[in-house]
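Presented below is the structure to which this report refers.
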Amino acid sequence: MPARRSGRKGKPRLPPSLPRHAFATPLPGVNGPSRVRLRLRLRLASGRPLLSKRWTPPRPAPSCTRASLTEKARGDMRLVSWNINGIRRSPEALRRLLDSLGADVTCLQETRVTRDLLEEPLAIVEGYSSYFSFSRGRSGYSGVATFCKNNATPGAAEEGLTNLLTNHEGAVGAYGNTEEFTEDELRALDSEGRAVLTQHRIRTSDGHEKTLTIINVYCPHADPDKPERLTYKLRFYRLLQLRAEALLRTGSHVIILGDVNTSHRPLDHCDPTDLACFEENPGRQWLTQFLWRPDGESGLFVDSFRHFHPTKVGAFTCWSTATGARLTNYGTRLDYILGDRALVLGEFEDSFLMPEVEGSDHCPVGATLRAELIPAPRCPPLCTRYLPEFAGRQQKLSRFLVKVDPNLPGPTSAQPREEKNGVGVSKKAKRTCGDPGQGQLSLLRFFQAGRPPEKALVAGAQEPETEPAGQDPGGAAPLAPEPGEGQAAFWKAVLKGPPRPPLCKGHGEPCVLRTVRKAGPNFGRQFYVCSRPVGHSGNPVARCDFFLWVSGKTPAPH
């Protein structure tokens, strides 16, 4: 059917929803509007429709952002783990954080919050159920939390690796043989809030329903100056292994994810100097016997990231914030997602790092699985919404302390007054300095010659017209200049700042001042180093080897 023509002869009316360039098929030797008109006339003369096919607007170019690269397919399961280094932030920021990670199950470590400091907006986030483990001995230390979307509600949840913290139904169970531990040792290993377990039902890619247990862990750090912490760390590793293997024997799949606090291979460390000593580290030896590799190692669990990226270099998850090492990617890989061998080989699609996500000295790590989560009809008792302080059965004392508006009249906002000659006089007015007619004194007036500050503080005192007798004019403070250009020079003469730092030899840039904090003969001494972040010696962007002690500084007593 020919197109309707407009009032002007030979000008067909184009549908308003179609752009003009949709008809512009290139024709040799014809340019501009003539090409469009010629193409339309040829189609009208032949009786063909104006368009050979239905026109659709062009699709935008695919984005290269991390969100599009990690967006999970419908029905797939996505897990994310992140050492957040403190969760006490605004509730809106926490909700935006969880949504931006886009995970069905988000595991956070080093939350640094105890139960008495946990507020309801952080514990109960809309669209999620949360499960916390708190440190029992220290405030603002350790702690883990697991947030599950409503489509990933677990059927059971438990705090800790032992059964000593479980006093409710809905626990995960399967604790293994822990006879090698004393009860005090087990209680100490669970007292720092380092593990939360959630158990889910999943439908695998072949259509079978299975049980999946997710262990969110924050393994201890071994302080070189405290040998007992190394023993504590190794005993925690042993207890974690016993619990994970016991869960496998019940027929459940197991995923261990979190901050393991050990870089396994030299490929996972920015500077593995001595390879012989590197492999002798007890934490690395435990990881080696715990993990399975295709070259013959017989562990029951698989490092999912190295399974998909076995030779990727520079894949780090932790950097020193004090030295700015993240700018030069001078870090280590301490965060893992470990799955049992059958689950990783059969259901895992990918395992990835998210170094572009900032906000902590660690970056998130994640994994996607082909399996589909089956939500439980009800949250287990460990869910924070069932805690007495949030369930309405018990109120905190802070709920009875209401902030009073200082603008409201009342005895709390009225200033104390005293009667003098029948007139109420505020006590605050009695401390007014100087002449009331002149207003507040300027700070510069206290630096003027022959004007002691204590006399200016007396109410109604008369200023002397001449300098006091016997005063040495040479010893007087410099006259304060009038407001103008000389004030900057005056303040520089009175308030002298620190000396300028030296320039480093490698870049010619001002150095930064550091102080020795390690115990030893130089404790408390100050020194200058290059201000750039640490990195490999061959990296021109990294810190050079400039070092200079501050002269005249003696070590502080330790």
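Each Cα pair under 8 Å and six or more residues apart adds its sequence gap; the mean of these over the residue count of the range 171-234 is a relative contact order of 23 percent. Summarise the accessible area of the range 81-127 (1.4 Å probe, protein heavy atoms) by the percent that is carbon and sulfur. C and S atoms contribute 43 percent here.
Shown here for the range 244-338: trypsin sites (Lys or Arg not before Pro) in loop regions (DSSP other than H, G, I, E, B) with at most 13 other Cβ atoms within 10 Å, namely K312. Per residue, the accessible area of the range 312-387 comes to 39 Å², computed with a 1.4 Å probe over protein heavy atoms only. Overall, the anisotropy analysis places the range 492-546 in the oblate class: the square-rooted eigenvalues a ≥ b ≥ c of its C-alpha gyration tensor yield a/c not less than 1.5, with a/b not exceeding b/c. So how strong a dipole does the range 95-225 carry about its Cα centre when Lys and Arg Cβ are +1 and Asp and Glu Cβ are -1, to the nearest 20 debye? That gives the range 95-225 a dipole magnitude of about 560 debye. Need one word for the range 114-159: rounded, prolate or oblate. Basis is the Cα gyration tensor (sqrt eigenvalues a ≥ b ≥ c); a/c below 1.5 gives rounded, then a/b vs b/c decides. Note, shape of the range 114-159 comes out oblate. Going by the alpha-carbon gyration tensor, a ≥ b ≥ c the square roots of its eigenvalues, is the range 194-279 rounded (a/c under 1.5) or, if a/c is not under 1.5, prolate (a/b greater than b/c) versus oblate? The shape class here is prolate. For the range 294-347, what % of the accessible area comes from carbon and sulfur atoms, probe 1.4 Å? On the range 294-347, the fraction of accessible area on carbon and sulfur atoms equals 60 percent. The accessible area of L495, taken with all protein chains in place and a 1.4 Å probe, comes to roughly 110 Å². Would you mind pulling out the separation of the Cα centroids of the range 195-269 and the range 488-558, in Å? Answer, in whole Å: 42. For the range 201-348, what's the relative contact order in percent, using C-alpha pairs closer than 8 Å and at least 6 residues apart? The value is 24 percent. Each residue of the range 248-263 is assigned a 3J(HN,Hα), and the resulting list reads 5, 5, 7, x, 8, 6, 9, 10, 10, 9, x, 8, 7, 6, 8, 8 Hz, derived from the Karplus form 6.51 cos²θ - 1.76 cosθ + 1.60 (θ = phi - 60°), x at Gly and Pro. Note on the range 231-283: with neighbouring protein chains present and a 1.4 Å probe, carbon and sulfur make up 54 percent of its accessible heavy-atom surface. For T273 and E119, the FRET efficiency from 1/(1 + (r/R0)^6), where r spans their Cβ atoms and R0 equals 51 Å, is about 0.65. Normalised per residue, the accessible area of the range 96-152 is 36 Å², obtained with a 1.4 Å probe and no contribution from ligands, DNA or RNA.
Measuring with a 1.4 Å probe in the full set of protein chains, what accessible area per residue, in whole Å², belongs to the range 500-554? Please report the intermediate quantities before stating the final value.
Details: 3680 Å² over 55 residues.
Per residue, the range 500-554 has 67 Å² of solvent-accessible surface.
Residue-wise HN-Hα couplings along the range 104-114, as the Karplus relation 6.51 cos²θ - 1.76 cosθ + 1.60 with θ = phi - 60° gives them from phi, are 6, 10, 10, 10, 10, 10, 6, 6, 6, 9, 9 Hz; Gly and Pro carry x. What you get for the range 225-376, charging only the Cβ of Lys and Arg (+1) and of Asp and Glu (-1), is a dipole of about 400 debye around the Cα centre.
The values are calculated or read from the model by the stated rules, or taken from the named source; none is laboratory data. Everything quoted here is computed from the prediction, not taken from an experiment. Heads up, the Cβs are rebuilt from the backbone with ideal geometry, glycines too, and the neighbour counts pull from every protein chain shown. For the accessible areas, the whole protein counts, side chains as well, though only heavy atoms, and no ligand, DNA or RNA atoms are used. Shrake-Rupley method; radii C 1.70, N 1.55, O 1.52, S 1.80 Å.
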